[in-house]
Amino acid sequence: MAASSALRIERNPSPRSDEERARILTAPGFGTHFTDHMVLIDWTPEDGWHDGRVVPYGPISLDPATMALHYGQEIFEGLKAYQQPDGSIASFRPDANARRFARSAQRLAMAELPTELFLDSLRTLVDIDRAWVPDDPSMSLYLRPFMIATEVGLGVNKGSSRYTYLLIASPAGSYFSSGVKPVKVWLSTEYTRAAPGGTGEAKCAGNYAASFVAQAHATAQGCDQVVWLDAVEHRWVEEMGGMNLYFVYGSGPGARIVTPALTGTLLPGVTRDSLMTLATELGYVAEEGKISTDEWREGVASGAITEVFACGTAAVITPVGSVDSAEGGFTIGDGNPGPVSMQLREHLLGIQSGTEADPHGWMHRLL
Ligand code: COI
């Protein structure tokens, strides 16, 4: 058992059989199967974080007037645990997720979970559900920490005075069922994801709830994903769906990669941040910048922009193959995954699966 865990453990008396688990791990998909246990930790003003426990995975019971159900006071994180070649299990920069979780909590006026408790919950759940970490280096165990407001009542004059932190885990294959096939994106001028002063840089449920209608609109236009533009001028590129974006200018060793700067309306992605460092090490120039939809269109037409890709924990790197909008569409390069995107993807996956060196100490051993 994980050393010095603060969590009490109640084992699942009827975990899935070895055969059932093996069957699921053959083709886990994304976010559809869950392990045998989950973590819960409660917070009240009197006791702070208390009653941390690992219990059998299953439904939770909530009063219908629980505040999270009415006012959306919910935040979450997403990270992965990877089987390493030496038999250990590690996750990628979980401290960065813990810090972002605390910042999201601040923005949503929720209780902050200390980093050590966040990491303890990951270690303890991965330990008890270790058999669910796929051996296949192209797969991982996706970890989903989240927190809900659990005060019962409909008043909105203040946030909840009670919270519950939960952690669930789900074996993960490829996020997009098509693998690394390039996506076609819709530039949305109909909807905005986040406005200045809003919750765009927090990982909160409401940001995702508000995105589905725009995603449906993009799908209706024959696209795979929506691209979010700024809320004020509707011309500065921000994100794609739930992922950050990168633009590749030029090619070969002189290439430059640019990602929209964090203005307060973008989610500060851990993969986004890591790619800045990795790209620099591979000899590219990596910068934050401001990219307009006109620059995107004209840059692709002139050949200045050679590749565009989205990045995030779940899908790692997804090439953007073509763009459509109310003003028409265009294809990026030849529409296929570009060499810089794929090199960065392989390098990052190599570090995460333990087959490439990790000079920054990003891999955090859980077990
Ligand atoms: C990610 O790219 O990791 C995301 O945040 C998507 C997730 C909400 C499934």
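The values are calculated or read from the model by the stated rules, or taken from the named source; none is laboratory data. Fair warning: this is a prediction, and the values are worked out from it, not measured in the lab. Here the Cβ positions follow ideal geometry from the backbone for every residue, glycine too, while neighbour counts run over all protein chains shown. Keep in mind that these areas ignore ligands, DNA and RNA; they rest on the heavy atoms of the full protein, side chains included. Shrake-Rupley method; radii C 1.70, N 1.55, O 1.52, S 1.80 Å.
Compute the acute angle (0 to 90°) between the alpha-carbon long axis of helix 293-302 and the principal axis of greatest extent of the alpha-carbon atoms of the chain; round to the nearest 10°.
50
Can you tell me the orientation of helix 115-128 relative to the chain, as the angle in degrees between its alpha-carbon axis and the longest Cα principal axis, to the nearest 10?
Tilt of helix 115-128: around 80 degrees.
Return the single residue from 300, 226, 237 with maximal mean-square fluctuation; model: Gaussian network over the chain, springs between Cα atoms under 10 Å.
300
Over the range 249-353, what is the mean sequence separation of C-alpha contacts under 8 Å (at least six apart), divided by residue count, expressed as relative contact order in percent? Don't jump to the answer; show the numbers that get you there.
Numbers: 134 pairs, mean separation 26.8, N = 105.
It rounds to 26 percent for the range 249-353.
Would you mind computing Rg(Cα) / (2.2 N^0.38 Å) for the range 1-132, counting N as its residues?
Numbers: Rg = 16.1 Å, N = 132, 2.2 N^0.38 = 14.1 Å.
For the range 1-132, the normalised Cα radius of gyration comes out at 1.14.
Once phi is turned into θ = phi - 60°, what whole-Hz ³J(HN,Hα) does the Karplus curve with 6.51, -1.76 and 1.60 give for every residue of the range 32-41, x standing for Gly and Pro?
For the range 32-41, the Karplus curve yields 10, 10, 10, 6, 7, 9, 8, 10, 9, 9 Hz.
Taking a probe of 1.4 Å, how large is the accessible area per residue of the chain, in Å²?
Per-residue accessible area for the chain comes out at 42 Å².
Quick one, can you get me the convex hull of the C-alpha atoms of the range 182-337 expressed as volume per residue in Å³? Please report the intermediate quantities before stating the final value.
Values: hull volume 15.5 nm³, N = 156.
For the range 182-337, the hull spanned by Cα atoms encloses 99 Å³ per residue.
Whole number please: convex hull volume per residue of the Cα set in the range 258-363, in Å³?
Details: hull volume 12.6 nm³, N = 106.
Given the Cα convex hull of the range 258-363, per-residue volume reads 119 Å³.
What ranking of 124, 115, 355, 280 comes out by heavy-atom accessible area, probe 1.4 Å, highest first? Write out the running numbers ahead of the final one.
Numbers: 124 0, 115 55, 355 105, 280 80 Å².
The most accessible residue leads, giving 355, 280, 115, 124.
Angle check, please: helix 94-107 long axis (alpha carbons) against the longest principal axis of the chain (alpha carbons), in degrees 0 to 90, nearest 10.
Relative to the chain, helix 94-107 is tipped by roughly 90 degrees.
Taking the Kirkwood radius as the inverse of the mean 1/r across Cα pairs, report the Rg/Rh of the range 59-106.
Values: Rg = 16.0 Å, Rh = 13.6 Å.
Here Rg/Rh amounts to 1.18.
If you take the charge dipole of the chain about its Cα centre, with +1 on Lys and Arg Cβ and -1 on Asp and Glu Cβ, which of 115, 59, 141 is farthest toward its positive end?
Final value for the positive-end residue is 59.
Taking the Cα centre of the range 4-172 as origin, work out the dipole magnitude from +1 charges on Lys and Arg Cβ and -1 charges on Asp and Glu Cβ, in debye rounded to 20. Don't skip to the end; give the middle numbers.
Working: 17 positive and 22 negative charges, 87 e Å.
Computed about the Cα centre, the dipole is about 420 debye.
Counting other Cβ atoms within 10 Å, keep those with at most 16, restrict to DSSP loop, and tell me which trypsin sites (Lys or Arg not before Pro) in the range 1-74 are left.
Details: sites: 8, 11, 16, 21, 23, 53; in loops: 11, 16.
Listed in order of number, the matching sites are 11.
Would you list, by chain and number, the lysines whose Cα falls below 25 Å from the Cα of residue 203, excluding same-chain residues fewer than 8 positions away?
Here the lysines satisfying the reach criterion relative to residue 203 are 80, 158, 184, 290.
Can you give me the Rg/Rh ratio for the range 156-235, using Cα atoms for both radii and the Kirkwood formula for Rh?
Values: Rg = 16.3 Å, Rh = 15.4 Å.
Answer for the range 156-235: 1.06.
With contacts defined as alpha carbon pairs under 8 Å and 6 or more residues apart, what's the relative contact order of the chain in percent?
Relative CO of the chain lands at 18 percent.
Taking amide H positions as placed in the peptide plane 1.01 Å from N, state which residues far from residue 140 in sequence (5 or more) or on other chains have amide H under 5 Å from it.
172
Return the Rg/Rh ratio of the chain with Cα-based radii and a Kirkwood Rh. Write down the numbers at each step before the final one.
Working: Rg = 21.0 Å, Rh = 21.6 Å.
Value, to two decimals: 0.97.
Using r as the Cβ-Cβ distance of residue 115 and residue 217, and R0 as 41 Å, what FRET efficiency do you calculate, to the nearest 0.05? Before the final figure, lay out each step's value.
On the way: r = 39 Å, r/R0 = 0.94.
Taking R0 as 41 Å, the efficiency between residue 115 and residue 217 is 0.60.
Taking Rh as the Kirkwood radius computed over C-alpha pairs, what is the Stokes-Einstein D of the range 59-197 at 20 °C in a medium of viscosity 1.002 mPa s, expressed in µm² per second?
Values: Rh = 17.4 Å.
Answer from the Stokes-Einstein relation: 123 µm²/s.
Using a probe of 1.4 angstrom, how much of the accessible area of the chain is carbon and sulfur, in percent?
Numbers: 8070 of 15360 Å².
Summing carbon and sulfur atoms, their accessible area is 53 percent of the total for the chain.
Taking the chain as a Gaussian network, Cα atoms linked when under 10 Å apart, which of 204, 311, 223 shows the biggest mean-square fluctuation?
Of the options given, 223 has the highest mean-square fluctuation.
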